[in-house]
Amino acid sequence: MTTVILLTVTGLVSGLAIGIVVKFFGTTPNPLEEKLLELVPGANCGGCGFAGCEGYAKAMADGSAKPGACPLMNDAVVQEICALLGVESEPRKPMVAVVCCSGDDDHAQRMAFYNGVNDCQNAMLVAGGGKGCVYGCLGLGSCARACPYGAIEIRPNHIAVVHPELCVGCGKCVLACPRRLIKLTPKSAPVHVFCSSPERGALKRKFCSAACIGCRKCVKEAGENQVSMNGSLAVINYDNPPDAAVAAACPTGALRTTAIMESTKG
Amino acid sequence: MIKQLHFYGGIHPAEDKVAQSVPIVEPPILETYIVPLQQHIGAPAKAVVAKGDQVKRGQLLGEAQGFVSAPVHAPTSGVIREVTTCLGPSGAQVPALLLASDGEDTPAEPMPAIDWRQAPPGDLRQRIAAAGIVGKGGAAFPTVVKLSPPPNKKIDTLILNGVECEPCLTADHRLMLERAEDIVTGAQITAHILGAKTILLGIENNKPDAIEVMRQAVGDSGIKVCSLKVRYPQGAEKQLIYAVTGRKVPSGGLPADIGCLVQNVGTAAAIADAVCRGKPLYERVTTVTGTPLVSPGNWRFRVGTTYADAIKLAGGVKEDPIKIISGGPMMGMAVYSLDIPVIKSTSGILLLSQDELTQFDVRPCIRCGRCNDSCPTGMMPGILSVQIENQRYELAEKWHVMDCIECGCCAYTCPASRPLVQHMRRAKAEVQAARRAAKAKAEK
């Protein structure tokens, strides 16, 4: 009985104390911030560069962030926020992540069998888990686990693939990849170079049959200033991307659309 | 009953020291050697020879870059065929020189011998640096750095490490049997440099012949040979210090903090070679062992001998090895190429057959606590690994993950087959990266 009385009294006193503190020392919430907080998506992915959606709403309210920074908001919501803040909306360029590697088990060689922790960062501690190409995708899914939207799939033949329809371009996977294979590219670009190895073509061929071998066919096929070469690696100019037809020129399949390469092996 | 010297924790895996009765063999001169310019911890050496140069045995090939670095010397006479890169035992590409031997093995002019009893410590340190001596126990830390402790830290005890607690390896054992005098001289030189009063030599009591030989070799030089209870990882620096002196190295500290310095017996022999005979370090004793091998044994390999050549010299294989490990079974690294050369720190090459290899299914931690009992540093590897899996690296740092010596006792005892050492290594890498980032931020 004493316990019940004691707890009730404690509860009442504490409640009263909290009430007094809020009444006299509490801050009045910013009405603009509250409204913005309702409009932000609430996914807390961090793609805007702020700590969660609340941080972004606060930053927008005090004018230190632009409404277009959130990769997840659709244009209607951005317009609404612009109207609230009284600023002009800027044209946005939706981005999408691309894993720049074709080295799945069908194309790339493995030098050793890896039986350690199922994580790319951990595999990097033991000589890259035995993948022949030291630049290639390890396929252990660090990026897939980092993705808040479930847009990255680890295919059964051990390569990470981004599903562009699910990807919002927040860039979390870019940091998660220990081999720095993931690039944020404009959603409008139809083809990408699925290889990141700066090695000589012959050396790449030793480990991977789908590597960019630096044959320059795509450079010739594409329009002026659309594809350039960086050593033996083709680089797409994403300000002026070539159209999907260029992919047909690639002899290895390193230059292709985001459509998933189907496994040729059972 | 006599109290047996040992440390806290540890395990006793099967010893499998099949090559312990095989004397050290001098292999014939090979046609080519791949000499890596980084055979040590620290900055790689800078090549001082170019493609096409004629070199003699013991000639300087690469000079040390900075203080924590070591020079590299030619293993035999011949022509530098290429300045290239090669795969190191850690799996990373390192700069290397391809040396085509001329078969003559002409020695270069040796450095003059030094009478170490009269020589000032500075001269001796210089000689040890010039001879490219690094710790031969496994970490390959440049010896001269170890022998130059900060002036406020006085080293009073030198501990020689003849423990060889790794299963399968017998290189140090054979070295103690065959070169006991040199080890004693090397130890005395080291003690002379440091001004250490006490010299202790730790040997596990599964090597009674080595204990006997060393006791005879030390004579009345004042070196004390300590027989230790067999327990892995007794050969780890901090564990050995505790076993022979009872002193504990503080967390995050160095043996110099408690006035100790540990040196491998192989390093001591190399110091004797460098000081008394002017011979730089270009060869080492390596155990090549494993059930797939026809004749396991101990070889005095020149650095740059590839693993393929080493296995060929050991009579080749009678069955296909499924795993090849550089070092011992507990702390060695699995390698995926036989083009890796033997370097100054290669203590063993171990081949495993199909039935010796176990593939584990990792299961969740069942909190049995076996890892806690076996951890020689007194950590809690099981619980730590769970936190590390959840990427709580700050917590791991608070729980002293940086004290982990990666001995593998926890993973060896784990009934759930958890890859605990890999988790620890991940956390250590993350903590180190965070510390570097914080330091860079502070400097900015």
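The values are calculated or read from the model by the stated rules, or taken from the named source; none is laboratory data. This one's a predicted model, so the numbers in the text were calculated from it and none came from an experiment. All Cβ positions, even for glycine, are placed from backbone atoms using ideal geometry, and neighbour counts span all protein chains on display. Heavy atoms of the whole protein, side chains included, go into the accessibility calculation; ligands, DNA and RNA do not. Shrake-Rupley method; radii C 1.70, N 1.55, O 1.52, S 1.80 Å.
For the range A:111-123, give me each residue that is among the small types (Gly, Ala, Ser) and part of a loop (DSSP other than H, G, I, E, B). Steps first, please.
Residues of the range A:111-123 among the small types (Gly, Ala, Ser): A:112, A:116, A:123.
If the condition is that a residue be among the small types (Gly, Ala, Ser) and part of a loop (DSSP other than H, G, I, E, B), then A:ALA112, A:GLY116 are the ones that fit.
In the range B:346-365, how many are within 14 Å of another protein chain (Cβ to nearest Cβ) and part of a loop (DSSP other than H, G, I, E, B)?
Start the filter on the range B:346-365 by keeping residues that are within 14 Å of another protein chain (Cβ to nearest Cβ), which leaves B:352, B:354, B:357-365.
From what is left, the residues that are part of a loop (DSSP other than H, G, I, E, B) are B:357-365.
Number satisfying all stated conditions: 9.
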Within the range B:413-425, residues being assigned to a helix (DSSP H, G or I) and in contact (Cβ under 8 Å) with a residue 12 or more places away in the chain number 6
For the range B:218-233, the count of residues that are open to solvent by 20 Å² or more (accessible area, probe 1.4 Å) and of a type in the set (Val, Ile, Thr) equals 1
Over the range B:28-43, the set of residues touching a strand residue (DSSP E or B) at 6+ places or on another chain (Cβ under 9 Å) and open to solvent by 20 Å² or more (accessible area, probe 1.4 Å) is B:ILE29, B:LEU30, B:GLU31, B:THR32, B:ILE34, B:GLN38, B:ILE41, B:GLY42, B:ALA43
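What are the residues in the range B:310-332 that are under 16 Å from the mean Cα position of the chain (by Cα) and modelled with pLDDT under 90, if any? Reasoning before the result, please.
Within the range B:310-332, the subset under 16 Å from the mean Cα position of the chain (by Cα) is B:325-332.
Once the filter is applied, which keeps residues that are under 16 Å from the mean Cα position of the chain (by Cα) and modelled with pLDDT under 90, the range B:310-332 yields nothing.
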With the first residue restricted to the range A:230-252 and required to be basic (Lys, Arg), and the second required to be surrounded by 20 or more Cβ atoms within 10 Å (Cβ to Cβ), Cβ contacts under 9 Å at 6 or more apart or on different chains are none
If we keep only residues of the range B:378-402 that are under 27 Å from B:TYR242 (Cα atoms) and crowded, with 19+ Cβ neighbours inside 10 Å, then the residue nearest to the other protein chains (Cβ to nearest Cβ) is B:SER385
Out of (1) at pLDDT 90 or above; (2) farther than 25 Å from A:GLY169 by Cα, the one A:VAL191 does not meet is (2)
Exactly one of A:GLY128, A:GLY141 is of a type in the set (Gly, Ala, Ser), within 11 Å of another protein chain (Cβ to nearest Cβ) and open to solvent by less than 10 Å² (accessible area, probe 1.4 Å), and that one is A:GLY128
For the range B:331-345 the number of residues that are away from every other protein chain (no Cβ under 14 Å), more than 27 Å from A:CYS133 (Cβ to Cβ) and not hydroxyl-bearing (Ser, Thr, Tyr) is 1
Q. Among the residues of the range B:93-110, is there at least one that is surrounded by 14 or more Cβ atoms within 10 Å (Cβ to Cβ), within 14 Å of another protein chain (Cβ to nearest Cβ) and in contact (Cβ under 8 Å) with a residue 40 or more places away in the chain?
A. yes
Here the qualifying pairs (Cβ atoms under 9 Å; residues six or more apart or on different chains; first in the range A:192-213 and within 13 Å of A:ALA234 (Cβ to Cβ) and among the charged types (D, E, K, R); second at pLDDT below 90 and open to solvent by less than 20 Å² (accessible area, probe 1.4 Å)) come out as none
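Yes or no, residue by residue, for (1) part of a helix (DSSP H, G or I); (2) surrounded by 13 or more Cβ atoms within 10 Å (Cβ to Cβ); (3) not charged (D, E, K, R):
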residue	(1), (2), (3)
B:PRO376	no, yes, yes
B:CYS407	no, yes, yes
B:ALA411	yes, yes, yes
B:ALA427	yes, yes, yes
B:ALA433	yes, no, yes
B:LYS439	yes, no, no
Within the range B:62-92, the count of residues that are away from every other protein chain (no Cβ under 14 Å), in contact with a Pro (Cβ under 8 Å, 6 or more places away or on another chain) and open to solvent by less than 50 Å² (accessible area, probe 1.4 Å) comes to 8
Apart from one, (1) out of contact with any Leu (no Cβ under 7 Å at 6 or more places or on another chain); (2) within 26 Å of A:LYS183 (Cα to Cα); (3) surrounded by fewer than 19 Cβ atoms within 10 Å (Cβ to Cβ) all hold for A:ALA43; the odd one out is (1)
The lone condition A:ALA112 fails out of (1) within 14 Å of chain B (Cβ to nearest Cβ); (2) at pLDDT 90 or above is (2)
Just one listed residue, out of A:ILE159, A:ILE182, A:ILE236, is β-branched (Val, Ile, Thr), in contact with an Asp or Glu (Cβ under 7 Å, 6 or more places away or on another chain) and either buried (at least 18 other Cβ atoms within 10 Å of the Cβ) or farther than 24 Å from A:ALA108 by Cβ (or both), and it is A:ILE159
